[in-house]
Amino acid sequence: MRGSPAVDLALCGRFHRGIELIGRRWTGAIVFLLLRSRCRYATLRDAIPDITDRMLSERLQELEEEGIVQRTVIPETPVRVEYALTKKGRDLAAAIDAMAAWAERWIQPAARKPIRGMNPAGRAPGRVPSAATGSSRSRRR
């Protein structure tokens, strides 16, 4: 193409490393939740559909090593551990909010899956409603 300026298509190393870090599976969801509130491990696990304990542990450790997440141990009985974003992590708010706005506009919602440990009717396994009282009772076999 004559007359058009040369375009440098080289990928910026910092951008590539940053997008690969934040774009890893589950990382965006973790940062999204921690932008709203500091959380305990179980809260994060329960809020992110289909994440395994192993994946959540790995992602939290990676984010902590990168200085995005701070892990705080609270010496109580039992010991409590909370996760919160550092200043570096909170600086992702504009990018995460932009992604959330884009998704709201362009992405169709996924079909809702039942909560872990619940059957499709929303009851714990092995529990059936009592016809007389409407309450749940354990099924014995």
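So, L44, is that one surrounded by 15 or more Cβ atoms within 10 Å (Cβ to Cβ) and either of a type outside the set (A, V, I, L, M, F, W, C) or without any contact (Cβ under 8 Å) to a residue 60 or more places away in the chain (or both) or not? Considered against the rule, which asks whether it is surrounded by 15 or more Cβ atoms within 10 Å (Cβ to Cβ) and either of a type outside the set (A, V, I, L, M, F, W, C) or without any contact (Cβ under 8 Å) to a residue 60 or more places away in the chain (or both), L44 comes out as yes. With respect to T27, determine if the residue is among the polar types (S, T, N, Q), surrounded by 15 or more Cβ atoms within 10 Å (Cβ to Cβ) and in contact (Cβ under 8 Å) with a residue 12 or more places away in the chain. Taking the combined requirement at face value, the residue satisfies it. Residues in the stretch 6-24 that are free of Cβ contacts under 8 Å to residues at least 40 places away in the same chain, within 21 Å of G67 (Cβ to Cβ) and not charged (D, E, K, R): C12, G13, F15, H16, G18, I19, G23. The residue that is farthest from R24 (Cα to Cα), counting only those in the stretch 90-106 that are assigned to a helix (DSSP H, G or I) and acidic (D, E), is E104.
Looking at the stretch 1-71, the helices (runs of 4 or more DSSP H) lying wholly inside it that each contain 1 or more residues that are over 13 Å from the mean Cα position of the chain (by Cα) and of a type outside the set (S, T, N, Q) sit at 13-22, 53-65.
Read-outs: derived from the displayed coordinates by stated rules, not from any lab. Only a predicted model underlies this, so the values are computations on that prediction, with no experimental measurement involved. Note that each Cβ is placed from the backbone with ideal geometry, even for glycine, and that neighbours are counted across all protein chains shown.
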